[in-house]
Amino acid sequence: MQLVQKIRNPADQFRQAVLANMACLLAQLPTESRFHLLGAMPMLAAYRNAAITEWQGAENASAADWRAATIQLVSAEPDWPLGRILGSGFTALHLHLLLTLLMVEEDRELAEFVEPDASLPTLGGLLALWRMHSGNDDPVAVREALSDLTDAGFAEAIADGAMRNDQRYRVPAPLAETMAGLRPHMVGLVLCPPLPKANIWIAPQSGCPHPDAVAGAIAGGSTRSLVIRGPRRNGRKHFARRVAQTAGLAAVEVSAGIVSDPLQWLLASNIAYLSNAMLLCETEPGPGETVAMQERGWVDPFVAVATGLAGAVTTGRNGATLTITLPLPDISARQALWKAAGLKGLAKEISALVLPSGNIGRAAQGAMAQAALAGRGTANAADVQAALRTLRDARLDAIATRIDVERAPDALFLDSDTQGEFEALVARCRQRELLSDSNIGVRALLSGPSGTGKTLAARHVAQALGKDLYRVDLSATVNKYIGETEKALERVLSAAEELDIILLLDEGDALMAKRTDVGSSNDRYANLETNFLLQRIESFNGLILVTSNDAERIDSAFARRMDAVLEFAAPDEVRRLDILKRQLGDGARVGAHFLEEVACRCALTGGQLRNVALHARLLALDGGTVISDAQLRRAVEREYKKTNTACPLRRTLAAVG
């Protein structure tokens, strides 16, 4: 027996295999029973005629002939789903049972043929139908084969409390679709299309492994698992898909929810194996966490895991696992990525943005959309910055707030030493990649009393560098449950690295307090949080500014890890006068003598002086006038009342009277 026409695709193979399996089951029946069924079921007769038409010399074929034809048909294409079933260690009996379970859902009349009065085949019905397999009645072999299919996840028993022989069986719908040559429909699973032929791989840094080389290791069989570490949106999954495509594999991507569910993971593994595909998943364990891939059961697809730099990942195999790390792209790689993304003219100008490769592509698309919206043919640097702001990250938004740096901040008045340190900090941020070839992060501590300009200085740094500034909300970060604080910090620090923003850790001494002797469990876990933050800040590849009202409370180990320490002191008389003049503006009508008196007598901080100027302006607006001596005096007195201290200004006769 042989097919009249050559099979063209997996769907064609599936159709022919189901027809041949149906003909085999019919041929196993006694002649009288067979003719009775064919007369009572017109569709069954039509299917048999279709099988005879498709196979030359099939008119008088025996069950053994049809079994041999089915195996020949499936074995002809070993990389198609049905062919991979035989290649996985399953026998011909497994295949025939599987085809029998599959064909009952193709047509209701086929289901009636397999087992009348039952919606799905039962164990008892299959044993009754199956006759003369391999020349013997062998119910034990059928039971064991069905058990194998169930254990391997290729068949599932419907849990309805029935007796053993009445237990119903079916093939999971996504697997049935895969074997039928269709795209499987499963929540959290995507069969990825092939990468474009024009796709190129741009290594993030020199010395990074090339995906084609990794594909060679797969083809050689030296590994069945790949772990790709690095920041999110840095080409980890793209690297894995390039490896798969070069190795001649498709790619099946699954969500983290499937990874954590053993039954779903088994189903996804089977789909990947039948599709001759790499099973690709992404997971982000926190510090101290371990994500363990489940064992893959009967079949063993190649597994690739994209993950961050924290936590541990086990792939569920005893064999060798290949682990590679994709760092953030260096400046030359970023220029190439910007050019490849379509911003060739801006590549050099915006290459100072230290972004993951995926975010470069997204930002480029967003920038071109911004330019088109404005009616311009080409994007500029402002479009790129605007596009970056749209790449919101839930990890960042949950515990950090963006500070507006687009509007010009208030003037920053610093003494000469602090001004020099401030300028050095900005320069270090600009030249950070040239100063280090490993860790390019910049960490700065801004210490001083409240209101002396620490947050204002952070805004000036962000504006000077053209970067966004986010303030971390410590109330949303610190958690009473063990390990949760570290996870929250890891999430926000990782997100800041990936978006190349400046992170402001306000009132940082709440997390960076000196470690104490362990007198209780609270001390132990507080010290653990401090130790984690020490290590994470040291490995941080972004820009982080930490403010503190009391530097003495901060652990000395943090100070050693800071690249810059800026001490902010309360302004002296000269700087207070400058701040007042700037805050009051040119429209004020305050006498120079009184203005100097306020600057000399009132030892207020910059923040307090700003409050004074705002209240004086409010009084002037309410009275319909300009700011005068009287309104400034009232504003100063109000500021002192807020702190419950006496105002040092000399009282006027009107006030005494």
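The values are calculated or read from the model by the stated rules, or taken from the named source; none is laboratory data. Keep in mind that this is a model prediction, so the values were computed, not measured. Neighbour counts are summed over all protein chains in view; Cβ atoms, including those assigned to glycine, are modelled from backbone coordinates with ideal geometry. In case anyone asks, the SASA skips ligands and DNA or RNA and just uses the protein heavy atoms, side chains included. Shrake-Rupley method; radii C 1.70, N 1.55, O 1.52, S 1.80 Å.
Taking the condition more than 24 Å from GLY542 (Cα to Cα) and open to solvent by less than 70 Å² (accessible area, probe 1.4 Å), does GLY345 pass?
No: the conditions fail for GLY345.
Scanning for something at pLDDT 90 or above and either closer than 18 Å to SER275 by Cβ or open to solvent by less than 50 Å² (accessible area, probe 1.4 Å) (or both), does segment 156-167 turn up at least one residue?
no
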Could you please tell me which pairs satisfy a Cβ distance under 9 Å, a separation of 6+ or placement on different chains, a first residue in segment 629-649 that is open to solvent by less than 70 Å² (accessible area, probe 1.4 Å), and a second residue that is among the aromatic types (Phe, Trp, Tyr)?
ASP629/PHE594; LEU632/PHE594; ARG633/PHE594; CYS647/TYR640; PRO648/TYR640; LEU649/PHE594; LEU649/TYR640
MET1 versus (1) touching a Phe, Trp or Tyr at 6+ places or on another chain (Cβ under 6 Å); (2) modelled with pLDDT of 85 or more; (3) open to solvent by 40 Å² or more (accessible area, probe 1.4 Å): which is the lone unmet condition?
(2)
Test: residue in segment 143-153 that is modelled with pLDDT of 80 or more and closer than 16 Å to CYS24 by Cβ:
yes
Taking only pairs six or more apart or across chains, which ones have beta-carbon atoms under 8 Å, a first residue in segment 201-226 that is free of Cβ contacts under 8 Å to residues at least 12 places away in the same chain, and a second residue that is outside any helix (DSSP H, G or I) and among the aromatic types (Phe, Trp, Tyr)?
HIS210/TRP201
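Checking the conditions here, which among ARG183, ARG241, ARG229, ARG224 is in contact with a Gly (Cβ under 6 Å, 6 or more places away or on another chain) and either among the small types (Gly, Ala, Ser) or open to solvent by 10 Å² or more (accessible area, probe 1.4 Å) (or both)? Even if it seems obvious, please write down each step before you answer.
Values: ARG183 fails: in contact with a Gly (Cβ under 6 Å, 6 or more places away or on another chain); ARG241 fails: in contact with a Gly (Cβ under 6 Å, 6 or more places away or on another chain); ARG229 fails: in contact with a Gly (Cβ under 6 Å, 6 or more places away or on another chain).
Result of the check over ARG183, ARG241, ARG229, ARG224: ARG224.
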When you check ALA145 against the structure, is it among the aliphatic types (A, V, I, L, M), surrounded by fewer than 16 Cβ atoms within 10 Å (Cβ to Cβ) and farther than 15 Å from MET22 by Cβ, yes or no?
no
Consider only pairs whose beta carbons are under 7 Å apart and that are at least six residues apart or on different chains; among these, list those whose first residue lies in segment 287-298 and is part of a loop (DSSP other than H, G, I, E, B) and whose second residue is of a type in the set (Phe, Trp, Tyr).
PRO287/PHE532; GLN294/TRP265
Assuming ASN527 fulfils every condition listed in (1) touching a Leu at 6+ places or on another chain (Cβ under 8 Å); (2) open to solvent by less than 30 Å² (accessible area, probe 1.4 Å); (3) at pLDDT below 90 apart from one, which condition is it?
(1)
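Would you point out the residue of segment 245-258, among those that are within 20 Å of the chain's Cα centre (by Cα) and small (Gly, Ala, Ser), that is least open to solvent (accessible area, probe 1.4 Å)? Full working, then the answer.
Step one: list which residues in segment 245-258 are within 20 Å of the chain's Cα centre (by Cα), which gives 251-258.
Narrowing further to those that are small (Gly, Ala, Ser): 251, 255-257.
On the way: ALA251: 7, SER255: 47, ALA256: 57, GLY257: 47 Å².
Selected residue: ALA251.
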Assess whether VAL18 counts as being touching a Gly at 6+ places or on another chain (Cβ under 8 Å), open to solvent by less than 60 Å² (accessible area, probe 1.4 Å) and closer than 21 Å to LEU126 by Cβ.
no
Yes or no: segment 193-213 includes at least one residue that is open to solvent by less than 50 Å² (accessible area, probe 1.4 Å), part of a helix (DSSP H, G or I) and more than 30 Å from LEU19 (Cβ to Cβ).
yes
With (1) of a type in the set (S, T, N, Q); (2) at pLDDT 85 or above; (3) open to solvent by 10 Å² or more (accessible area, probe 1.4 Å) as the list, and ASN318 as the residue in question, which single condition is left unmet?
(2)
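Only residues that are at pLDDT 85 or above and open to solvent by less than 60 Å² (accessible area, probe 1.4 Å): list them for segment 300-310, please. Give the derivation first.
Initially, segment 300-310 is screened for residues at pLDDT 85 or above, giving 301-309.
Listed by number, the residues that qualify are PRO301, PHE302, VAL303, ALA304, VAL305, ALA306, THR307, GLY308.
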Filter result for LEU604 (modelled with pLDDT of 90 or more, surrounded by 18 or more Cβ atoms within 10 Å (Cβ to Cβ) and in a loop (DSSP other than H, G, I, E, B)):
yes
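What about ALA51, is it over 16 Å from ALA68 (Cβ atoms) and not hydroxyl-bearing (Ser, Thr, Tyr)? Step through it out loud before you land on a result.
Values: over 16 Å from ALA68 (Cβ atoms): no; not hydroxyl-bearing (Ser, Thr, Tyr): yes.
Taking the combined requirement at face value, the residue does not satisfy it.
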Quick one: GLY453 ticks every box in (1) more than 18 Å from ALA569 (Cα to Cα); (2) modelled with pLDDT under 90; (3) buried (at least 20 other Cβ atoms within 10 Å of the Cβ) bar one, so which box is it?
(1)
Cβ-Cβ below 7 Å, separation at least six or inter-chain, first residue in segment 47-60 and on the phi > 0 side of the Ramachandran plot, second surrounded by fewer than 20 Cβ atoms within 10 Å (Cβ to Cβ) and among the aliphatic types (A, V, I, L, M): which pairs?
GLY57/MET1
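Counting only residues that are open to solvent by less than 60 Å² (accessible area, probe 1.4 Å) and touching a residue at least 24 places away in the same chain (Cβ under 8 Å), which one in segment 607-619 is farthest from the chain's Cα centre (by Cα)? Even if it seems obvious, please write down each step before you answer.
Residues of segment 607-619 open to solvent by less than 60 Å² (accessible area, probe 1.4 Å): 607-609, 611-613, 615-616, 619.
Within this subset, residues satisfying the condition of being touching a residue at least 24 places away in the same chain (Cβ under 8 Å) are 607-609, 611-613, 615-616.
Details: GLY607: 40, GLN608: 44, LEU609: 45, ASN611: 43, VAL612: 47, ALA613: 47, HIS615: 47, ALA616: 50 Å.
Out of the qualifying residues, it is ALA616.
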Subset tally (residues that are open to solvent by less than 10 Å² (accessible area, probe 1.4 Å) and out of contact with any Phe, Trp or Tyr (no Cβ under 7 Å at 6 or more places or on another chain)) for segment 91-101:
5
Every residue from segment 556-594 that is assigned to a helix (DSSP H, G or I) and open to solvent by less than 20 Å² (accessible area, probe 1.4 Å)
ALA557, PHE558, ARG576, ILE579, LEU580, LEU584, PHE594
What about GLU406, is it out of contact with any helix residue (DSSP H, G or I) (no Cβ under 7 Å at 6 or more places or on another chain), touching a residue at least 60 places away in the same chain (Cβ under 8 Å) and among the acidic types (Asp, Glu)?
no
LEU280 fails exactly one of (1) modelled with pLDDT of 90 or more; (2) open to solvent by 10 Å² or more (accessible area, probe 1.4 Å); (3) under 29 Å from GLN205 (Cβ atoms), namely (2)
Of all the residues that make up segment 538-556, how many are free of Cβ contacts under 8 Å to residues at least 40 places away in the same chain and of a type in the set (A, V, I, L, M, F, W, C)?
0
Counting only helices (runs of 4 or more DSSP H) wholly inside segment 352-445, the ones holding at least 1 residues that are farther than 23 Å from GLU490 by Cβ and open to solvent by 70 Å² or more (accessible area, probe 1.4 Å) are 357-373, 381-390, 416-430, 432-435
Would segment 292-299 turn up any residue that is surrounded by fewer than 22 Cβ atoms within 10 Å (Cβ to Cβ), on the phi > 0 side of the Ramachandran plot and touching a Pro at 6+ places or on another chain (Cβ under 8 Å)?
no
